[in-house]
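The values are calculated or read from the model by the stated rules, or taken from the named source; none is laboratory data. Everything numeric here is computed off the predicted structure, so don't read it as measured data. When we count neighbours, we look across all protein chains shown, and the Cβ atoms used for this are built from the backbone with ideal geometry, even at glycine. All accessible areas refer to the heavy atoms of the entire protein, side chains included, with ligands and DNA or RNA removed. Shrake-Rupley method; radii C 1.70, N 1.55, O 1.52, S 1.80 Å.
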Amino acid sequence: MESSSNYLNQTDETLIVSGEVVICWLLSVVTVFGNSLVILAFITEKSLRSNPANLFILNLSVADFFIGAFSFPLYALWLMFGYWPFSEGVCKMWLIIDYSTCGVSVCGIILISLDRYWMLKLKLKYLQFQTTKRVTVMILVSWAAVLPFYAIPILFWEKFRGEQIIDYSVNCDIESTSLAYTLVTIFVYFLIPLTIIIYLNSYIFKEIRHRTRINHNHSIHQVANNLIPITTCHATSRSDRQNVDNTISSIRRHRKAAITLAALVSAFVICWTPYSIVLIWSVISDNNSPAMIVWSFVLYLLWSNSAINPFLYALTHLKIRRVLFKFFGLKCFK
């Protein structure tokens, strides 16, 4: 009876692991394929490259591509073997790439939010302010800030502590080695960015709503003015109508940008929040750690953010959508 129960438990565990491996490889393929198409869109579509702010989306897509190309496959192999099948060096390289690209993705959301904020705040000065050089420097600084933050602890944490913490023939995990480091990571790459993103996006949507209301009132005023005989104000009326059209066009551009940003931010919050909660839970409750299936779920949810983003670009960005539809030989909708 006991052996039968053990056999059933082993069968269930095998099915769970097999399901995880399939999910992992599927997410890897979707992430690499989707972000490759977005990168291809930037290579082939000159109009995308002409707008410096679009480089923030390209940067986010490159980071997501690395997650799909490295994070998923090595984790899937780890699951398939039941132990870490590679060396310590490969483990540390994998951890650095995984954590750094996830961190850069978070920074990418902040940079896109900042860009939309500056677009509304600076108004006509924005085009002079947001240059390709400035955007490139901001992107490089984000990578330069994230890489050391993760690379130094991963490479030298055991030397700092003076003891071997991880058995690299079995495991490849640094999350549970230090409560302090884990909490700092959560604050620096989730709670603080989330606070900044919420503030910036609150301003963005408030400003767009304010401008839309002003534009609506101005349009009503123009309609009333246009009731005056044409002989007295024909030229003025034409000029005013042009100004209204330009304002409406500007508001529409801001709305489209805000929709793209809202989609990215929503995906970020949904995918990152469970992982952060479970990570905190795991380091503060030694005797009541989350089940492995819970860990797997929140980890896949976190990584799936990189698979979702390309589809969000396609849904909310016409030029990217046009290139992706063209790749599949489909007619693009507006």
For this session: Tell me, please, whether a residue that is of a type outside the set (Gly, Ala, Ser), under 14 Å from the mean Cα position of the chain (by Cα) and modelled with pLDDT of 85 or more can be found in the stretch 290-301.
Result: yes
Exercise. In the stretch 60-75, which residue that is hydrophobic (A, V, I, L, M, F, W, C) and open to solvent by less than 10 Å² (accessible area, probe 1.4 Å) is nearest to residue 307 (Cα to Cα)?
Worked result: 67
Problem set entry | Of residues in the stretch 190-216 being open to solvent by 80 Å² or more (accessible area, probe 1.4 Å) and more than 19 Å from residue 118 (Cβ to Cβ), the one modelled with the highest pLDDT | 192
Exercise. For residue 85, which of the numbered conditions (1) touching a Leu at 6+ places or on another chain (Cβ under 9 Å); (2) within 30 Å of residue 260 (Cβ to Cβ); (3) not charged (D, E, K, R) fails to hold?
Worked result: (2)
Exercise. So is residue 142 under 17 Å from the mean Cα position of the chain (by Cα) and among the small types (Gly, Ala, Ser) or not?
Worked result: yes
For this session: From 267, 307, grab the single residue that is open to solvent by less than 90 Å² (accessible area, probe 1.4 Å), modelled with pLDDT of 80 or more and within 30 Å of residue 179 (Cβ to Cβ).
Result: 267
For this session: Output the qualifying pairs, or none if there are none: Cβ atoms under 7 angstrom, residues six or more apart or on different chains, first residue in the stretch 124-148 and within 17 Å of residue 188 (Cα to Cα) and open to solvent by 60 Å² or more (accessible area, probe 1.4 Å), second residue outside any loop (DSSP other than H, G, I, E, B) and among the hydroxyl-bearing types (Ser, Thr, Tyr).
Result: 147/100
Exercise. Quick check: is even one residue across the stretch 98-117 open to solvent by 40 Å² or more (accessible area, probe 1.4 Å), in contact with a helix residue (DSSP H, G or I) (Cβ under 6 Å, 6 or more places away or on another chain) and free of Cβ contacts under 8 Å to residues at least 40 places away in the same chain?
Worked result: no
Exercise. Across the stretch 10-31, what is the number of residues that are under 27 Å from residue 319 (Cβ atoms) and open to solvent by 40 Å² or more (accessible area, probe 1.4 Å)?
Worked result: 2
Seminar exercise, completed: Scanning the stretch 40-59 residue by residue, the ones that are open to solvent by less than 60 Å² (accessible area, probe 1.4 Å) and touching a residue at least 60 places away in the same chain (Cβ under 8 Å) total 10
For this session: Could you tell me which numbered condition residue 136 fails, if it satisfies all but one of (1) farther than 30 Å from residue 157 by Cβ; (2) of a type in the set (S, T, N, Q); (3) touching a Ser or Thr at 6+ places or on another chain (Cβ under 9 Å)?
Result: (3)
Exercise. Can you tell which of 156, 160, 190 is at negative phi, touching a residue at least 24 places away in the same chain (Cβ under 8 Å) and out of contact with any Pro (no Cβ under 7 Å at 6 or more places or on another chain)?
Worked result: 190
